[in-house]
Structure formats: structure tokens, C-alpha cells
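Any read-out appearing in this document is the output of simple, stated calculations on the displayed coordinates, not a laboratory observation. In this text, all values refer to a predicted model and were calculated from it rather than measured experimentally. A quick note on method: Cβ atoms are made from the backbone with ideal geometry, for glycine too, and the neighbour counts reach across all protein chains shown.
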Amino acid sequence: EDLWTTAFPVGTEWDQIEKLYGFKWNFSNLENAFEEGGLLYGKRVYIFGCTEPQLLSVNGEGKLVCIPVIVAIVNDFPPSDKIGINSVQREAEEIIPMKRMKMAWVPYIPLDKRGNQVERLKSDIFIWSCTQRRASLGTLKEDHLKKFEYCLPCACSKSSFNYFFCSVLFMIIYYVIQSMCARTY
């Protein structure tokens, strides 16, 4: 039930992240996909979030709302551990290791199993995690802080492009569309 909230919303401004949880978003389609008989049941899945800002009428007032989008990648091998940093203000795209931004693919631990010994849990669900503490954001240089807002997942490495691209393209498109259709506000 908390799967979508544990996946880091890649490329989202820090001041917008908490606002994501101010609405009751419906990701039951994602939850159902992991149930027995679901599309993702028993598969190795990598999940990350992102946001799509939209001007919406909330209580009769126009507000800019960041709508969460959850992307599920099905693959036996993890996606790239690199991220791209890009924006219209930057001269060129920069590709760096996720670790440099305190990010990594980590096993998802279901809410009801979080008290158990982690090493005994076998997980086939991995989430994009960020361990950067919000309290320390004020000490970061502005250029480094902006990298969080401009980071994008690298979809593939040159050596695995064809295999990776063909095996996950449908799943990415399916879950982005399904997540956008399931939103409530």
C-alpha cells in the first residue's frame, strides 16, 4: 500500500515532494499487478517515480499540482546505476553514478515486514531510493541542489541497449498510462 510513496520522485523539486502526499492518489492498479495473477506477480521489477506538473482546479481554485507517475521496469537485471543531469539551462547532459547523488536501487520491504531481519527477506521489487537528508539541503551548493531537479534515469547502457529496450518499453508505457489514468484529486 505504500509502494508508490517509497519510490523517490526523480527530477522533482525538493519543495514539491511533500506536496505529493497532500492528495489521495490511487495506485491500486500497481498494487493489483503484484497480486497473484497480476501482470507483475513473481517478476523482478524496478520502480521509480516522477511527477507531471498540471494546472488543476482544486476546491474551485487553480493550483499547480505535481501529479505522481510511477514507472515499473520488468527485467532480470537492474537498470543502469547512472543518471543523466539535463535541463535547458545546462550546456550539455552530464551522466554520473547514482551514488554521487546518494541514490541507488534498493529492495522494497513491504510495510508489514519492516521489523524483520532484512537479510532474510528475498525481494523481487526494487525502488529508486535517495538517502539525501532534507535537513542538510541548505548546506549544498546550488549547482548540486539543482542536479536533483534535473536528474533523469538512464534507460540503458550501450552494451545492453537492444535487450533492455525491447524487454521493458511496453511495461514503461503501460504503467505510465495506467498511473496517469488512476489519479484522483
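Side notes on the structure shown:
- Amide H partners (placed H, <5 Å) of Ile125, local residues excluded: Val45, Tyr108
- Residue-wise HN-Hα coupling along the range 95-106, computed from phi with Karplus coefficients 6.51, -1.76, 1.60 (Hz; x: Gly, Pro): 10, 9, x, 4, 4, 4, 9, 6, 10, 6, 7, 10
- Taking a straight line from the alpha carbon of Lys63, these aspartates and glutamates sit under 16 Å away, with near neighbours fewer than eight places off in the same chain left out: Asp15, Glu18, Glu52.
- Cβ-based net charge around Ile73, under 13 Å, with every Lys or Arg adding one and every Asp or Glu removing one: 0
- With neighbours defined as other Cβ atoms within 10 Å of a residue's Cβ, the residues Leu3, Leu111 order from fewest to most as Leu111, Leu3.
- Remark: Trp128, Trp4 ranked as Trp4, Trp128, counting other beta-carbon atoms within 10 Å and listing the fewest first.
- Long-range HN-HN contacts of Lys82 with modeled amide H, under 5 Å: Met98, Cys154
- Added length on full extension, which subtracts the Cα-Cα distance from 0.36 nm per residue, Thr139 to Asn26: 37.1 nm
- Neighbour counting of Cβ atoms within 10 Å sorts the residues Asp124, Asp2, fewest neighbours leading, into Asp2, Asp124.
- Summed residue charge, Cβ within 13 Å of Lys43's Cβ, Lys/Arg positive, Asp/Glu negative: -3
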